[in-house]
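For reference, the structure is listed below as structure tokens.
The values are calculated or read from the model by the stated rules, or taken from the named source; none is laboratory data. Keep in mind that this is a model prediction, so the values were computed, not measured. Reconstructed Cβ throughout: ideal geometry from the backbone, glycine too, with neighbour counts over all protein chains shown. The accessibility values were calculated without ligands, DNA or RNA, using every heavy atom of the protein model including side chains. Shrake-Rupley method; radii C 1.70, N 1.55, O 1.52, S 1.80 Å.
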Amino acid sequence: MMAVPTMLMGLLPTYETIGIAASILIVALRMCQGIAVGGEFTASIVFLAENAPPRRRGFFASFSMFGATTGTMLGAAVGGLLTSVMSAEALASWGWRAAFVSGIAVAVVGVVIRRGMFDSPNKTAVASPLAVAFRDHRWQVLRVLGLNVASAATYYTLFVYAATWVSQTTTLPRAVALNITTVTILTFLVVLPVAAWLSDRFGRKLMLVVGMSACLLLAYPLLTAMHAGVVVTTAAAQMAFGAILAVQMASIPAAMTEMFPHGVRVSAVSVGYGLAYALFGGTAPAVATWLINRTGNDTVFAWYLMGLTAVSLVLALSLTDRRNQAL
């Protein structure tokens, strides 16, 4: 009589199986969330730009980037906290799920904000805006892609990969590296709106050229300093790099929206920006790791960032400044 219940118990999933299934579900849901957020991010840039006063468009539009980067900072801060208070075994087995659960609070805030949103000003709609964007504005779409390749790769290198790179190639613990990244992102967030405000006063082109030129000239020495293995030196260099990146990125949201007419603006900006971050942003850590393994040089990926920055700088130099024109 006991054989049947025992056999049935053997068919029930174990705690380990349930844990694996739950982990897969969490990761899948987060991937879906990332796709959704990625699709709406450029729309938020256009929304802010179209509703901003023309002379403050750069400042207003930069807050889409400010909000997205704040999320990156919170992620780095939570990662640093969990790494500091938990053992490596506990973090790997179950602790990492705590960071996912904390995202519920962010979701609630997002719902509250969206309930109070209003539409952009009524303007003429365009049928098949994506097709029109590629037919009539394909070179501008490519310009958006080119303007963003440098910032995409540098952003992911500095804010996503740097903590892993520093902890793996120097004597600094991972928790310290994550805390340095958190402070670096905070520096970026302080400089970003200031640089965007300056772009409203002195032009998108000037701020882009200044930021990109600084990144081109200082990428290698700053990454070398980050590799020193000294907390103060690493933090100072990474924070300086974050500030320079903010100058480079601050005026990009407004500059992109000013390239296109209303009917195709969201589609055109989304394609150019999305391709840049998909092809050069998300892949930057993998490219850096491959270059290091191939050459044995821990800072070799600086030349990759410098090459992409040179491409973006050339396109920035050819940009027509439209900061005070109506959209």
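Structure notes:
- Radius of gyration and maximum dimension Dmax of the stretch 228-327, Cα, Å: 17.1, 52
- With the simple spin-label model, which puts each label point 7 Å out from Cα in the Cβ direction, the residue 303 to residue 128 separation comes to 4.6 nm.
- The stretch 48-89 - Debye-derived log10 I(q)/I(0), Cα point model, q = 0.15, 0.24 Å⁻¹: -0.52, -0.76
- A Stokes-Einstein calculation at 20 °C with viscosity 1.002 mPa s, built on the Kirkwood radius of the stretch 166-273 over Cα pairs, returns a diffusion coefficient of 141 µm²/s.
- Note on surface exposure: 89, 40, 50 rank 89, 40, 50 by accessible area, highest first, 1.4 Å probe.
- Distance from the Cα centroid of the stretch 286-327 to that of the stretch 207-229 is 11 Å (rounded to whole angstrom).
- Spacing of the modelled spin labels on residue 321 and residue 286, each 7 Å from Cα toward Cβ, amounts to 3.9 nm.
- Förster radius 51 Å - calculated FRET efficiency between residue 28 and residue 194 (Cβ-Cβ, nearest 0.05): 0.85
- Residue 89/residue 169 FRET efficiency (R0 22 Å; Cβ-Cβ; nearest 0.05): 0.40
- Between the beta carbons of residue 236 and residue 17, assuming R0 = 45 Å, the FRET efficiency works out to 0.40 to the nearest 0.05.
- Heavy atoms of residue 59 accessible to a 1.4 Å probe, total area in Å² rounded to 10: 50 Å²
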